Amino acid sequence: MLVTSSAFAPCYANPVLVSSYSVQLPGGGLEFVAWQFQAKTVAQALPSVPDGTQVYQWNFATQSWNVNGFDFGSWAYPNNTLQPGEAFFIYNPGASRSQLFQGVNLTAASFTRTMTAGKYHAMGFPYALSNPSTGMFFECVHDELGQYRYTRHSWGYPASPDDMLLSWDSGVQQWRPINVRLFVPPYVHWWSQEGDFESETMYIGYGYFILPTGTVNWTASMLGQNCP
């Protein structure tokens, strides 16, 4: 799920925490979703799904996918755990449908995640915020003149040159890469594979793949980072 915003967006009200959200799953395909609550097992988070549903969780140590299938009314590995801010694939075997996620919000005001250079990280925002229509930016991005182009909230991710953000395009079932370039130091720019300026809008319930070029200590705030 990826939507590119136009510049000079209006201000938005502060988001608030919600106890549930829904994600639209494509028929006979994959969607990359995020778990944005306190930890739950797969069986607790997805207690009733169609037979043939599969969950693919990213194994950071091996940089590969762990597959968990739902057949004959139960999960093969029901006790596999979904952690706050973890992104994972869901394969939906039937017609397109909406998947509801419910949970308990994190209580800490911030959540820090250390990310290793040169390794892929499957991640979403760890807090379930009420912004499914307006979204949040990945970070507060400067323009060529050093001015903030946007006046709403962001994940506050501290991007570096040549970091890569991968967004899953469920319509064509493939990744869409966005790269960071240091265009006019010290201003950070995101560029799509087509060479266009981007500021990625991150929607509740969707996950992303991040490939950092250096070690990153990313601290997410409960209400996001307010861009000037």
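Its Cα gyration tensor gives region 51-144 an equivalent ellipsoid. The semi-axes, each the square root of 5 times an eigenvalue, are 27, 19, 15 Å from largest down.
As an equivalent ellipsoid, region 19-98 spans semi-axes of 18, 15, 13 angstrom, where each value is the square root of five times an eigenvalue of the C-alpha gyration tensor, largest first. Ordering of 75-82, 200-207 by packing is 200-207, 75-82, highest average first (other Cβ atoms within 10 Å, averaged per residue). In terms of packing, defined here as the mean over residues of other Cβ atoms within 10 angstrom, the peptides 84-97, 213-226, 28-41 line up highest first as 28-41, 84-97, 213-226. Each residue of region 52-67 is assigned a 3J(HN,Hα), and the resulting list reads x, 5, 10, 10, 10, 9, 6, 8, 5, 4, 9, 6, 8, 9, 9, 9 Hz, derived from the Karplus form 6.51 cos²θ - 1.76 cosθ + 1.60 (θ = phi - 60°), x at Gly and Pro.
In region 9-97, Cα pairs under 8 Å separated by at least six residues give a relative contact order of 44 percent. Computed extension length for D162-T219: 18.5 nm, one decimal, from 0.36 nm per residue of separation with the Cα-Cα distance subtracted.
Amide H contacts for W65 (H built 1.01 Å from N in the peptide plane; partners 5 or more residues away or on another chain; cut-off under 5 Å): N59. Stretching the chain fully between N80 and A109 yields a gain of 7.8 nm (0.36 nm per residue, less the alpha carbon separation).
Read-outs throughout are calculated quantities, based only on the coordinates presented, and are distinct from any laboratory measurement. None of the values given here were measured: they were computed from a predicted structure. Glycine gets a Cβ as well: all are built from the backbone with ideal geometry, and neighbour counts include every protein chain shown.
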